[in-house]
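Take a look at the structure set out below.
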Amino acid sequence: MDTIERTLLEQVAELHEVPEGAYNIRANGQSAARNTTANIDIVNKKDLPGIDIIIKPGTKNESVHIPVLISQTGLKEVVYNDFFIGEDCDVTIVAGCGIHNCGDQTSQHDGVHRFFVGRNARVKYVERHYADGDGNGQRVMNPESVVELDEGSYMEMETTQIKGVDSTARKTSAKLADKATLIVREKIMTHGQQFAKTDFTVDLNGEGSSANVISRSVAKDQSRQEFFSRINGNNACSGHTECDAIIMDQAHVTAVPEITANSIDASLIHEAAIGKIAGEQLIKLMTLGLTEQEAEEQIVNGFLK
Amino acid sequence: MLELKNISFEVNTPEHSKEILKDISLTINERFVAITGPNGGGKSTLAKVIAGIIKPTTGRIILDGEDITDLDITQRAQKGVSFAFQQPVRFKGLTVRDLITLAAGKPIGVSEACDYLSEVGLCAKDYINREVNASLSGGELKRIEIAMIIARGTKLSVFDEPEAGIDLWSFSNLIQVFEKMHEKINGSIMIISHQERILNIADKIIVLAGGQVQAAGTRDEVLPHLLAGTGSVCSVLADKL
Ligand SMILES: Nc1ncnc2c1ncn2[C@@H]1O[C@H](COP(=O)(O)OP(=O)(O)O)[C@@H](O)[C@H]1O
Ligand SMILES: [Mg+2]
């Protein structure tokens, strides 16, 4: 691994070296390193680029890292990864994509992740997006996630995109069986001319299923953000979606929460708020001795923390 | 020492102009200075003028001989002015610890942050990592606001109705907080208040009504008139006291 790849790896996976446990590192379109464990198997897909990650039922406290690194300008790829998480598992999956583009051509990674979460399994999924490079080439990522949560299972998705990605369209859809729970926490910061779109569709099919989709974002400069969140309550279930955005400079933010109840026992809430940093927050921090810029930074960092 | 010289503040709306502060001249040099007076009298506006949040229409503000009228909020804070808001501000994401640390102006350990919180009667371990958001009650926010001023420890501290929302049990502690604070910073503490118990510890009392100084003097000079509801103080205020 070279320094650029090392930096990307640090940013997307908070890893300084190859991780513990199972992992698959994809660098510039190739599988660069892989490790499997007794409980977690990783195999190449036969018909498509990508891998299957198979986690044995009952696997507890294990993790899988699947970072994707791109440092070659002009590389465009679509990768299909499927996760089969057995019954009663309790695992952490860390995915992430780092692009370093100092060339003039667009580098693009589109990942399609499908999660099949078995009965009563618990999954924590963490995904970070990061890009840098001083070239004019665009850095584009379009992740798509498809989630199927079986009875009593629980999944927490944490996605973060703080820096450097010029354009991103994230699509997430989930289907929940009885008593399944999905929690999504999304954090986005865009600046310059960046564009970020997220689109969630959650079908609460099972009795007692619940979903909570929370997005916090900051849009600076001339950047644009769009947030769509659709929750369909098809049974006795509860759903909550919340989008909270800070808008700065000449940015544009659209938030469209949509809730549909198809059952009399569905209880659904949506909240969306867009606003600039409250003047009194800036003033309070300035009375503590911070400059206006420092105050702004503290407020934004706290908000996205 | 803080000197206010001929401070006026006027707001202009399309319909009319309104003078909220009228030619106020004051010297604040004592340990505890209480500012009292009816609602709408101009107390909070005066505090904001001192902190630099509001620019006066006319007049000068002198801190320890230096004219700070043209300094902004940040510069005044750095010169040693602290201001506890009447209505504390909530922050999504920032924790109690973050705010105390920012107030201290340097990295502080958990135990130091906890000390400040316990001084205002908050059990530190329950609060230190709480977000300063809508989940905190008004009284809790007020105490955190005071803890920030203690953490700053500057030579001039202005508290705008610190007792509001604080239950009576902790009220005597609040006075102890001010006394302890004074020992440490050896500066002036200005407290906007309607509470007799606060007025009772004041070295100087200033009565502000209708944007004007109605009375200013030692406690012994001003308090009897206030309590009797005589003199220039209006009866609304007398009722409050
Ligand atoms: N920016 C403003 N524009 C118009 N009126 C104001 C403004 N700020 C304060 N006032 C008015 O000035 C008066 C004094 O307010 P304030 O200083 O908050 O009084 P106090 O703190 O003594 O209750 C009130 O009548 C208030 O409504
Ligand atoms: Mg007031």
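Read the figures in this text as sums done on the coordinates, not as results from a lab. Note that the structure is a prediction, hence the values are computed from the model and not measured. Neighbour counts run over all protein chains shown; Cβ positions are idealised from the backbone, glycine included.
A few points about this structure:
- Kirkwood Rh (inverse of mean 1/r, distinct Cα pairs), the stretch B:127-212, angstrom: 14.1
- Expressed to the nearest 5 percent, the antiparallel share of DSSP beta bridges inside chain B is 55 percent.
- Of the residues B:VAL213, B:VAL177, B:VAL11, the one that moves most in a GNM of chain B with alpha-carbon contacts below 10 Å is B:VAL11.
- Extents of the stretch A:126-259, taken as max minus min of Cα coordinates on every principal axis and listed largest first, are 50, 24, 14 Å.
- The distance linking the stretch A:40-104 with the stretch A:105-148 is 9 Å (Cα centroid to Cα centroid, whole angstrom).
- Pairs with C-alpha atoms separated by more than 23 Å, drawn from the list A:LYS175/B:LYS92; B:LYS22/B:LYS43; B:LYS5/B:LYS142, are A:LYS175/B:LYS92; B:LYS5/B:LYS142.
- The convex hull built on the alpha-carbon positions of the stretch A:49-133 has an orientation-averaged projected area of 5.2 nm².
- Relative to the Cα centre, the charge distribution of the protein assembly as shown, modelled as +1 at Lys and Arg Cβ and -1 at Asp and Glu Cβ, gives a dipole magnitude of about 500 debye.
- Histogram of C-alpha separations across the stretch B:99-153, 10 Å bin width, %: 27, 62, 11
- The stretch A:149-184 versus the stretch A:220-241: alpha-carbon centroid distance in Å: 11
- Antiparallel bridge percentage (DSSP; both residues within chain A; nearest 5): 5
- A Förster distance of 41 Å, applied to the separation of the beta-carbon atoms of A:ASN61 and B:ASN186, puts the FRET efficiency at 0.15.
- Cα-based equivalent ellipsoid of the stretch B:1-79: semi-axis lengths in Å, sorted from largest, via gyration tensor: 22, 16, 11
- Hull volume per residue, based on the alpha-carbon atoms of the stretch A:3-278 and their convex hull, is 115 Å³.
- Translational diffusion of the stretch B:42-172, µm² s⁻¹ [Kirkwood Rh, Cα pairs; Stokes-Einstein; 4 °C; 1.567 mPa s]: 83
- Using Cβ point charges alone (K and R +1, D and E -1), the dipole size of chain A about the Cα centre works out to roughly 220 debye.
- Förster radius 25 Å - calculated FRET efficiency between B:GLU196 and B:ASP167, Cβ distance, rounded to 0.05: 0.90
- Inter-centroid distance (Cα atoms) of the stretch B:21-76 relative to the stretch B:188-209, Å: 15
- Stokes-Einstein D in µm²/s, Kirkwood radius over Cα pairs - the protein assembly as shown at 25 °C with 0.890 mPa s viscosity: 91
- Just so you know, the Cα atoms of the stretch B:2-229 work out to an Rg and Dmax of 17.6, 54 Å.
- Cβ-based charge dipole, the protein assembly as shown, positive-most Cα from A:ASN44, B:LEU226, B:ILE198: B:LEU226
- Counting only DSSP beta bridges with both residues in the stretch A:37-161, the antiparallel share comes to about 10 percent.
- Using a cutoff of 8 angstrom between alpha carbon atoms and counting only pairs six or more residues apart, the relative contact order for the stretch A:3-278 works out to 11 percent.
- Across the stretch A:1-81, Cα pairs under 8 Å and at least six residues apart give a relative contact order of 34 percent.
- Of the residues A:VAL147, A:ALA174, A:THR190, the one whose Cα sits farthest toward the positive end of the charge dipole of the stretch A:146-247, with +1 on the Cβ of Lys and Arg and -1 on the Cβ of Asp and Glu, is A:THR190.
- Sorted fewest first by neighbouring Cβ atoms within 10 angstrom, A:PHE195, A:PHE227, A:PHE303 come out as A:PHE195, A:PHE303, A:PHE227.
- Counted charge near A:ARG114, where neighbours are those whose Cβ lies closer than 10 Å (Asp, Glu -1; Lys, Arg +1): -4
- Placing a pseudo-label 7 Å from each Cα along the Cα-to-Cβ vector at A:ASN262 and A:LYS46 gives an inter-label distance of 3.4 nm.
- Overall, the stretch B:95-200 carries a charge dipole of about 320 debye about its Cα centre when +1 sits on the Cβ of Lys and Arg and -1 on the Cβ of Asp and Glu, all other atoms neutral.
- Of the residues A:GLY111, A:CYS237, A:LEU204, the one whose Cα sits farthest towards the positive end of the charge dipole of the stretch A:3-278 is A:GLY111 (charges of +1 on Lys and Arg Cβ, -1 on Asp and Glu Cβ, taken about the Cα centre).
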